[in-house]
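A short write-up of the structure that comes next.
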Amino acid sequence: MPQPLFFDQIKYVPSIEVAMHRGLWSFVLLFILLFFLNEIKDFISLFNSSRKIIILSITGILIAINWTGFIYSVSIKQVQDASLGYFLTPMISVIFGFFFLNEKLNTNKAISVMLMFIASLIIVLSQGNFPFISILIGTTWAVYGLLRKQIKVSPATGLLYESGLITIFALPYLIYLSFLDIGYISITFNFTTIMLILTGAVTIFPLFFFNLGLKYIPLGLAGVLFYIAPSFHFITSLFVLNEYIEFEKIIAFILIWIGVAIFIYDVIKKKFT
């Protein structure tokens with residue numbers, strides 16, 4: 001089930017509470033997996049490097065903010081705004097790759113980035129107000145990708161630390177909600193409880209493969225390929241969640257995919273010549 005459809009099923013649960021459950025159950029799931037794979041020692045070794053701990057602490061905060069923004073956008077039926085945020089992410093990633101990682105930006109890639117920028121600008125101007133959710137989601141995810149590129153940590157190990165950091169704050173918060181009897185999780189394992197627990201699974205697997213990809217391909221290409229996910233979000237918002245779409249967004253969507261096609265063509269051409 002695509003993430004927008006999944007979180008739409010529990011949109012009545014406050015966004016911050018869902019985000020805290022995502023962190024908690026992601027940590028539980030990853031810990032169990034790594035325990036049986038005998039990789040917990042890699043997690044423990046993280047604490048020998050203050051640099052890795054600092055960077056992973058920052059990325060942990062970034063994904064917590066990103067999760068909350070995305071969940072909130074679903075709850076208020078603005079999945080297209082969340083989609084725009086993820087559309088902005090690759091453009092920011094390409095720029096980061098050029099300035100910070102010395103990744104090349106030739107004519108084709110420059111044209112691709114420009115088309116993405118124009119498309120994003122069209123959407124921003126057509127909103128009529130500042131797209132706070134889009135900027136929040138796009139920026140946090142791009143910086144997350146850049147920082148994770150800087151350290152040699154396996155995807156699963158890094159995610160275990162990040163979700164563990166969130167859990168440190170999530171667990172007391174969720175216990176407090178239960179103490180006040182206003183939390184949505186229940187020991188009866190009703191629909192809401194099961195969905196909240198499953199937030200760990202729908203979170204871990206996309207993040208795991210995103211981080212795995214960052215290890216083997218340039219940050220710019222990883223960013224552009226990441227357009228696949230927000231494209232599905234966009235289509236879901238339109239045909240399943242029945243969100244209204246303006247003509248300007250249709251034009252921007254076409255420009256974005258033209259830019260993606262040019263970028264991918266350039267990468268493939270370079271690889272086979």
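Accessible area per residue, 1.4 Å probe, Å², for the chain: what's the number?
Per-residue value: 50 Å².
Tell me, in nm to one decimal, what length is gained between Ile268 and Ile187 on full extension, where the rule is 0.36 nm per residue of separation less the Cα-Cα distance?
Length gained, Ile268 through Ile187: 24.0 nm.
By its C-alpha gyration tensor, with a ≥ b ≥ c as the square roots of the eigenvalues, how is region 115-214 shaped: rounded for a/c under 1.5, else prolate for a/b larger than b/c, else oblate?
In terms of gyration-tensor shape, oblate.
Points 7 angstrom from Cα along the Cβ direction at Ile135 and Phe232: gap in nanometres?
Here the answer is 3.0 nm between the modelled labels.
Residues of region 4-41 with the amide nitrogen closer than 18 Å to a label point 7 Å from the Cα of Ile194, along Cα-to-Cβ, please.
What the label zone holds, given the 18 Å backbone N cut-off, is 5-13.
Which entries of Lys41/Lys149; Lys152/Lys249; Lys149/Lys269; Lys41/Lys104; Lys11/Lys109; Lys77/Lys249 have Cα-Cα distances beyond 28 Å here?
As for pairs spanning more than 28 Å Cα to Cα, those are Lys152/Lys249; Lys41/Lys104; Lys11/Lys109.
What label, among (i) 22.7, 73; (ii) 19.1, 65; (iii) 17.3, 49, belongs to Rg and Dmax of the Cα atoms in Å computed from the structure on display?
Entry (ii).
Express in nm, to one decimal, how much length is gained between Val28 and Ile53 on full extension, taking 0.36 nm for each residue of separation and deducting their alpha carbon distance.
7.0 nm
Give me the extension gain from Asn38 to Phe239: residue separation times 0.36 nm, minus the current Cα-Cα distance, reported in nm with one decimal.
My answer for the length gained is 68.0 nm.
Positive end of the dipole of the chain, charges at C-beta (+1 Lys, Arg; -1 Asp, Glu), about the Cα centre: which of Ala110, Val74, Thr188 has its Cα farthest in that direction?
Ala110
The values are calculated or read from the model by the stated rules, or taken from the named source; none is laboratory data. Computed from a predicted model, the values in this text were never measured in an experiment. Here the Cβ is made from the backbone with ideal geometry for all residues, glycine too, and neighbour counts use every protein chain on show. In case anyone asks, the SASA skips ligands and DNA or RNA and just uses the protein heavy atoms, side chains included. Shrake-Rupley method; radii C 1.70, N 1.55, O 1.52, S 1.80 Å.
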